[in-house]
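Below you'll find the structure, written out as structure tokens, and then a few comments.
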Amino acid sequence: MEQQETLSKIEKVTKGVIEALGVTVNQIGCEWEDQQERIYIKVEAGEDNGFLIGKDGRMLEALKEIIESAVSRSENRTINMYLDVGDYWKKIETKTLEQAKQACDDVRQSGRPYRFEPMHTLLRRFLHKALRFEEGIETVSEGEGLWRRMTIRTKRTVNSNFRA
């Protein structure tokens, strides 16, 4: 019951923040995604979806931070969530995951690592979790700050026959 109360609170806070911007929320849903280990909030605001997303998703990211902070403070614990408006992030995730699955096949065949262009933290985290059970493959993040990128490579195994 506690989880459902938290999800309801997140929906209420999300709707309140968005409506404070003068935007009418047509639809809102909040659920726990086991595979990604995240709270997923989906918002539909019709013609105002673009406003809520902003240039390159910056407004969406700012809204996520505000809502996450407000809910975490009221719950007295850190709440990690994922805000999506008009399937903005789902479309990006789907496209990038298809690219990553192809990259996994290429890495298995060639043995050479595949390095993505620098990407947003949320997208990198999504890919790490989505690919964690790919056979013979591991993912690592490399670089710092805005230049941080994900690399897919063959899984490195410890040689048990090695003796020092």
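The values are calculated or read from the model by the stated rules, or taken from the named source; none is laboratory data. Because the structure is a prediction, the values reported are computed rather than measured. Cβ sites come from the backbone with ideal geometry, for glycine too, and all protein chains shown count toward neighbours. Calculation scope for accessible area: heavy atoms of the full protein, side chains included, ligands and nucleic acids excluded. Shrake-Rupley method; radii C 1.70, N 1.55, O 1.52, S 1.80 Å.
Tabulated data for the structure shown
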read-out	value
Region 57-164 - accessible surface per residue (Å², probe 1.4 Å)	65
Accessible area of region 1-56 belonging to carbon and sulfur atoms, whole % at 1.4 Å probe	46
Nearest 10 degrees, 0 to 90: helix 2-20 Cα axis against the chain principal axis	60
Fraction of antiparallel bridges per DSSP, the chain only, in percent to nearest 5	75
Nearest-ten-degree value, helix 58-75 long axis tilted from longest Cα axis of the chain	80
Tensor-based shape of the chain (alpha-carbon gyration tensor, a/c under 1.5 rounded, otherwise prolate or oblate)	prolate
Accessible area, probe 1.4 Å, largest first, for residues Glu37, Glu93	Glu37, Glu93
Accessible surface of region 74-164, 1.4 Å probe, proportion on carbon and sulfur as whole %	48
Where trypsin sites (Lys or Arg not before Pro) in DSSP loops with at most 13 other Cβ within 10 Å are excluded, longest remaining stretch of the chain	1-76
Charge dipole (debye, nearest 20) of the chain; +1 at Cβ of Lys and Arg, -1 at Cβ of Asp and Glu	840
Cut-off 14 Å between beta-carbons: net charge of the residues surrounding Lys90, Lys and Arg +1, Asp and Glu -1	-3
